[in-house]
Structure formats: structure tokens, C-alpha cells
Amino acid sequence: MNKGLYKKSTLLFIFLSPLLTISLTNNAWAEKRWYTDNQVAQGKPLYTQHCSKCHGENAEATPDWRKSDEKGNYPPPPLNGTAHSWHHPLPLLRLTIRNGGAKFGGKMPPFGNKLSAGEVDSIIAWFQSLWPDEAYKRWGSRGASQIPNLK
């Protein structure tokens, strides 16, 4: 083998290996969901009690959630994977539930004084369990490095 070609091939491998590893890791995160069945089961009644009034019984939200009111406020979006919640990494979903949506231009009240960290994760697990695989894969590939524990 030509020595120059060998060096180029080696350098190419060295530079591309991390990218390939990141890509494969993101695909693994996107394929396997981060939460347990127990979290989903715990999350359903918590979601019903704290979230369903605004986000809908099955996380479907209001019919015209994309349409703002006269003050420019938008209604609560669906959390079932059909809206923008899959754009947000897990830490931001947690933060929004704990601190409310006012910092982000919304009206959602904070739940940090009503829900433990584990309960917040269970609520997220429940509504993410409704997400179609494609939505979850997109979410996982966007923020996989921020998912705390792959189970």
C-alpha cells in the first residue's frame, strides 16, 4: 500500500471515528427509551391530576393550540408527540414543569412545590410514552447526551 495513502486513510479514520461513535450513540439513545414502565404507570395519574386540565386528558391539548389569543398568548400545546415538546431536551422539560412557563412566554404555573423530581420525571415518562417512535427518535437524536440514564 502507498505510504501517503495509508497516512491519509489513517488520519481520515482518526477524525471520522468520533463522529461515527456519536452517531451510533445517538441512534442507541433514540431507539431505547430512557424511562421505565413503573415511571409511566406512576406518571399517568400525576399527569391527570396536575396537567390534563390544560394539556388534555391524553396530552392532545386544545384544538387551536397554534393560534394565539388577543394578548398574543398561545394555549397549552399537545404533549403527545404531535407538537414541539420533542424539540426540548429533558432538562428543559423538567425545568418548565418545575418553574412554569412564564420565563418562556407562557402561562403554565410552576409545579416545583407540588411535585418531587421523581414525579416530574414520571409525568414526562408518561407523555413521552405516547410519542410515536419517529418523534422519540428525533428527540433522542437532538438531546441524547442530556438523557440521564438509559434503562
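Among the residues of the range 17-74, the ones that are in a loop (DSSP other than H, G, I, E, B) and either on the phi > 0 side of the Ramachandran plot or at pLDDT below 90 (or both) come to 17 in all. When the test is whether a residue is surrounded by 13 or more Cβ atoms within 10 Å (Cβ to Cβ), in a loop (DSSP other than H, G, I, E, B) and touching a helix residue (DSSP H, G or I) at 6+ places or on another chain (Cβ under 8 Å), Gly112 passes it. Applying the condition of being in a helix (DSSP H, G or I) and polar (S, T, N, Q) to the range 75-109 and asking which residue is farthest from the chain's Cα centre (by Cα) yields Asn99.
Of all residues in the range 119-144, those that are free of Cβ contacts under 8 Å to residues at least 40 places away in the same chain and surrounded by fewer than 15 Cβ atoms within 10 Å (Cβ to Cβ) total 2.
Yes/no matrix, rows are residues, columns are (1) among the hydrophobic types (A, V, I, L, M, F, W, C); (2) crowded, with 19+ Cβ neighbours inside 10 Å:
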site	(1), (2)
Glu57	no, no
Thr62	no, no
Pro78	no, yes
Thr82	no, no
Leu95	yes, no
Arg98	no, no
Phe104	yes, no
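The values are calculated or read from the model by the stated rules, or taken from the named source; none is laboratory data. The structure presented is a predicted model; accordingly, all values stated were derived computationally and were not measured. No Cβ is skipped: glycine too gets one built from the backbone with ideal geometry, and neighbour counts run over all protein chains shown.
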